[in-house]
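Visitor: There's a structure below that I have some questions on.
Rule-based calculations on the coordinates, nothing more; no lab input. Note that the structure is predicted; figures quoted are calculated from it, not measured. With ideal geometry, Cβ positions are generated from the backbone for all residues, glycine too; neighbour counts draw on all protein chains shown.
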Protein chains: 2
Amino acid sequence: MTSTAKPNNAASASNTEPPRPLLSRETGGSLIAQIVQLVTARIDDKLLRTGARMPSIRQFSDQHKVSRFTVVEAYDRLVAGGLLESRRGSGFYVRDRTPMLAPRAQRTNTARQPVDVVWLVRNMFRQLPPQKMPGVGLLPNEWLDADLVANALRAVSRQNLPLQYGNPQGFLPLRQQLQLKLAELEISATPDQFVTTLGVTQALDLVARHYIQPGDTIFVDDPAWFLMFGSFAMLGAKVVGIPRLPDGPDIAQLAELAALHRPKLFVINSVLHNPTSTSLSAAKAFQVLKIAEQYDFMIVEDDIYCDMHPGTTVQPATRIAALDQLNRVIYLGGFSKTLAANLRVGFIATSPEIAKHLCDRKMLTTLTTTEITERVVYRILSEGHYRKHADRLRNKLDAVRDKTVRQMERIGIKINISTPAGMFVWTDVGCDSNALTERAMEQGYLLAPGSLFSPNQLPSTNMRFNVAAMADPGILPFLEREIGQS
Amino acid sequence: MTSTAKPNNAASASNTEPPRPLLSRETGGSLIAQIVQLVTARIDDKLLRTGARMPSIRQFSDQHKVSRFTVVEAYDRLVAGGLLESRRGSGFYVRDRTPMLAPRAQRTNTARQPVDVVWLVRNMFRQLPPQKMPGVGLLPNEWLDADLVANALRAVSRQNLPLQYGNPQGFLPLRQQLQLKLAELEISATPDQFVTTLGVTQALDLVARHYIQPGDTIFVDDPAWFLMFGSFAMLGAKVVGIPRLPDGPDIAQLAELAALHRPKLFVINSVLHNPTSTSLSAAKAFQVLKIAEQYDFMIVEDDIYCDMHPGTTVQPATRIAALDQLNRVIYLGGFSKTLAANLRVGFIATSPEIAKHLCDRKMLTTLTTTEITERVVYRILSEGHYRKHADRLRNKLDAVRDKTVRQMERIGIKINISTPAGMFVWTDVGCDSNALTERAMEQGYLLAPGSLFSPNQLPSTNMRFNVAAMADPGILPFLEREIGQS
């Protein structure tokens, strides 16, 4: 093997053995792969040492009777793999392999960290088995349709790919599909009224940055999605919670607090509110809009759970945007819950004028979003697959939710909402849910205690469960033991 | 054809004709496509009117001897296409087709708009032929390698696709490749020191939001990339330009202005600076770093043009990060210029501690970036294709640049930089370049006048040309006429 990668550097290897046929056209993969393997093995075995110069492309090619192209390709792979380095005008050398640091080891016991928003957000990204994470806000992979996404991505890869920045407002055919989607919800919006975003998270960030100066007040539901508390605090906003009742916000409180705080925005989940999975009644929607008009604030209607709702003929749900038609309401949606959070496709629907402002702001912060994933979502919507997929998800959720709710009630967990719906069940576990969360983490379960959803992080006995993410057989017995003891 | 889509709604169509075999298994595409076509044709011909109820799935299936699955699929496509609507529990109806608004017509004559940053940014997204846009900052599509990107995307679509959020710091194997890339530049960084971003634009936004409070000062090169002026102004920052000389910033000015303004950040292109394509000398790099230490500000080294530089053995270029090793320097890079801006893959390299803060900030503003495009870039890097592609781009740029520079000199355009490099040529056209830009737009050419790159938008006779984007045979004659007249 000495000759395979015979270094010109005399110090690094013996030069005396005659060349042997080390590369074979018959066995073991492509010639390129064989060269890569041979050189790698020699470096691993320290037969080729750091700093040794490799034979030139021509020398290697002549010696082993392979084309120069093959050698170039192999050397390039070795460079890309970090084994060789190319010094311009001088040749290829065995590189110094400073050991690649593994990603920092995941701590398996984080029980000693305080339970707070940062704690939960970081834990959302931990490598726990999905069936052990009733605290997360996404469906596990096996609930989603990886083939649906992969097929659409494959189709997109066969089209003319977008290489330039693309349209800052988003891929036009996707915005046309969104127009149809909103029309079904009785919200009328033309394609120029949409701006695509990296999920609802970026949508909220863009809207908040447009409206909020430090010291301004934003209203949110109480409880509500915790990530936005941090996002708004970062802008210097004062975040005030409006108590959420089963049919929507507490209207008396909303009016009183609006008079007191004069908020700029009210961010609300009208449909399948996170974490309670309750939806807005028509009367409440009207009252919220009237108060917004009276005190002149904008309503940001985050409808990310839209497609988990069975439809208004089955269960009441009113979108304020359907009453207001995007004058005072900025409507947000996306596909993270139903298709794949990793696509990062969300959107804003608003008046054409505000859309223009938000689009300018998007350009200044991320220029555009990638059209590749927007084309994936467009295909899935336009080919009619999305509707069926959402139907399947709802049916599956219904079955699992009913079963899980019964099991939870049996072990003494109180269900706070009389008609559970969607992905989340909002419960009262009858003990400090922060402490319960810490004990669960010791057992490898991620829970989402009520304090996280409180704008003031107040401890409580409430707990949000994702019914799709608690298939692990140990969870309910664990909860039963813990709740029984408390 | 009447019976194909026989409405139950008696008002909408005749019911008297017997069924005819309208669907064929032998001819003309799938049965699903045939149903879609038939129904579409009937709606277009007003044989099926708005509001008409479609036959139920079962009726249609029985009548036409096709499976219910086929009918469901066809109806779904018709719904997705906006021709039918589904009313839950009631069936399918022909929908009201409010005409879909075309995107707002592109104005072909924007000469009357003032030339400013917003003007140029909006025009960057216009549908002009790429060879008529010497003002843009990207390579035209035909310079890029669409197959390289498409093949990588296809390979990614065949893997297990990421459906959950993914790692907020970015796809780990990509960060390992970035470690290798930076090591070649003598910058040592482990994977936990990287955060992926939506291009350098998001990287700058995250860094600025982390360091800047309203009223703080940011130093930039003068001239510099215009988009960040708007981005920083949005944060309430004061943007101060440091005059750029051929080998880097004017050091005396930098020291004086640093003492005066006490900036938080200095954003600099060390290598192939936009718009001058000049690179930092070693001495200047050292002096900038010393002043940053003395006045305690961070250096944000935007190295987006990195791979267009021929290497330091060919042309001097020093990265401050190579001296400082990511203590006081935050290094930014990306693949928008060489692979495809639409992938939106950029990155930050910094100390592990700052990386953690910036990652938290990324989570609050966009949660994660999509791993799909990060996997595409990973494949292209790890398989060794990237290096060759960048080599080809550089060779091609060298050839075009030399020719273009000679042509420009011949018609009286002065080249400001003695050794042109990279993609941009920074020139003096000898007349007000704003006025020239307006006249060019009337002829359908997009230029980039010097005023855009000035932190104070000062008018000047300077102009940036992208040598890859001026293949149109009319450009040089136009410039010659205009410059001759002035």
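Visitor: In square nanometres and to one decimal, what's the mean projected area of the convex hull around the Cα atoms of chain B?
Guide: Averaging across all directions leaves 28.9 nm² for the Cα convex hull.
Visitor: In addition: What is the angle, in °, between the Cα long axis of helix B:172-184 and the longest principal axis of the Cα atoms in chain B? Nearest 10 is fine, range 0 to 90.
Guide: 30 degrees
Visitor: Nm distances between the label at residue A:238 and the same-position labels in the remaining copies, 7 Å along Cα→Cβ, shortest first?
Guide: Those separations, rounded to one decimal, come out as 2.9 nm.
Visitor: For the stretch A:202-253, what is the largest minus smallest coordinate of the Cα atoms on each principal axis, given in angstrom and ordered from greatest to least?
Guide: Reported extents, whole Å, longest axis first: 30, 20, 15.
Visitor: Can you put A:96, A:302, B:250 in order of Cβ neighbours within 10 angstrom, beginning with the fewest?
Guide: Values: A:96 10, A:302 28, B:250 15.
Lowest count first: A:96, B:250, A:302.
Visitor: Taking R0 as 45 Å, what's the FRET efficiency between residue B:399 and residue A:30 from their Cβ-Cβ distance, rounded to 0.05?
Guide: The formula returns an efficiency of 0.85 here.
Visitor: Quick check: the angle from helix B:475-485's long axis to the longest principal axis of chain B, C-alpha only, nearest 10 degrees?
Guide: 50 degrees
Visitor: Still on this structure: Which of B:186, B:438, A:480 has the fewest other C-beta atoms within 10 Å, and how do the rest follow up to the most?
Guide: In order of increasing Cβ crowding within 10 Å: B:186, A:480, B:438.
Visitor: With the calculation restricted to Cα positions, what are the radius of gyration and Dmax of the stretch B:124-229 in angstrom?
Guide: 18.1, 50
Visitor: I want to verify the translational diffusion coefficient of the stretch B:326-377 in µm²/s; compute it with Stokes-Einstein, Rh as the Kirkwood radius over Cα pairs, at 25 °C and 0.890 mPa s.
Guide: Values: Rh = 12.1 Å.
This corresponds to a translational diffusion coefficient of 203 µm²/s.
Visitor: How high is the FRET efficiency from residue A:296 to residue A:458, r the C-beta distance, R0 25 Å, rounded to 0.05?
Guide: According to the calculation, E is roughly 0.25.
Visitor: Looking at the P(r) of the stretch A:436-477, how many percent of alpha-carbon pairs lie beyond 14 Å?
Guide: The proportion of pairs with Cα distances above 14 Å equals 51 percent.
Visitor: Looking at chain B, send over the antiparallel percent of its DSSP beta bridges, to the nearest 5.
Guide: That works out to approximately 60 percent antiparallel.
Visitor: Rank these for me by crowding, A:73, B:301, B:482, going from fewest to most other beta carbons within 10 Å.
Guide: Details: A:73 21, B:301 27, B:482 17.
Exposure proxy ranking, most exposed first: B:482, A:73, B:301.
Visitor: Given bins 5 angstrom wide, list per bin the percent of all Cα-Cα distances in the stretch A:171-218, short to long.
Guide: Reading upward from the zero bin: 5, 19, 20, 19, 19, 9, 7, 2.
Visitor: Distances from residue A:483 to the same residue in each other copy, label points 7 Å out along Cα→Cβ, in nm, shortest first?
Guide: Output for residue A:483: 8.0 nm, nearest copy listed first.
Visitor: State, to one decimal in nm, how far the label point of residue B:41 lies from the label point of residue B:238, with both points 7 Å from Cα in the Cβ direction.
Guide: 7.3 nm
Visitor: Which value, to two decimals, describes the C-alpha radius of gyration of the protein assembly as shown once divided by 2.2 N^0.38 Å? Numbers along the way, then the final one.
Guide: Values: Rg = 30.6 Å, N = 972, 2.2 N^0.38 = 30.0 Å.
Its radius of gyration relative to the 2.2 N^0.38 Å reference: 1.02.
Visitor: Obtain the nm distance between the two label points defined at residue B:68 and residue B:155 by a simple spin-label model: each point lies 7 Å from its Cα along the Cα-to-C-beta direction.
Guide: 4.6 nm
Visitor: Hey, could you get me the Stokes-Einstein D for the stretch B:372-412, Kirkwood radius over alpha-carbon pairs, 37 °C and 0.692 mPa s, rounded to whole µm² s⁻¹?
Guide: After rounding, the answer is 268 µm²/s.
Visitor: Also: Between copies, how far apart are the residue B:159 label points? List them in nm, one decimal, shortest first, with each point 7 Å from Cα toward Cβ, please?
Guide: 2.3
Visitor: Related question: May I ask you to list the lysines whose Cα is less than 18 Å away from that of residue A:65, ignoring any residue fewer than eight positions away on the same chain?
Guide: A:6
Visitor: In terms of Cα to Cα distance under 20 Å, which lysines are near enough to residue A:414, apart from those fewer than 8 places away along the same chain?
Guide: Straight-distance partners of residue A:414: A:403.
Visitor: Beyond 22 Å between alpha-carbons counts as too far, so tell me which of A:264/A:284; A:264/B:356; A:181/B:46 fall in that bin.
Guide: A:264/B:356; A:181/B:46
Visitor: What number results when the radius of gyration of the stretch B:382-486, computed over Cα atoms, is divided by 2.2 N^0.38 Å?
Guide: So the Cα radius of gyration is 1.17 times the expected 2.2 N^0.38 Å.
Visitor: Going by alpha carbons, how many degrees (0 to 90, nearest 10) lie between the helix axis of A:352-366 and the longest principal axis of chain A?
Guide: 40 degrees
Visitor: Continuing with this model, one more query. Over the C-alpha atoms of the stretch B:146-383, what are the Rg and the largest Cα-to-Cα span, Dmax, in Å?
Guide: 17.4, 57
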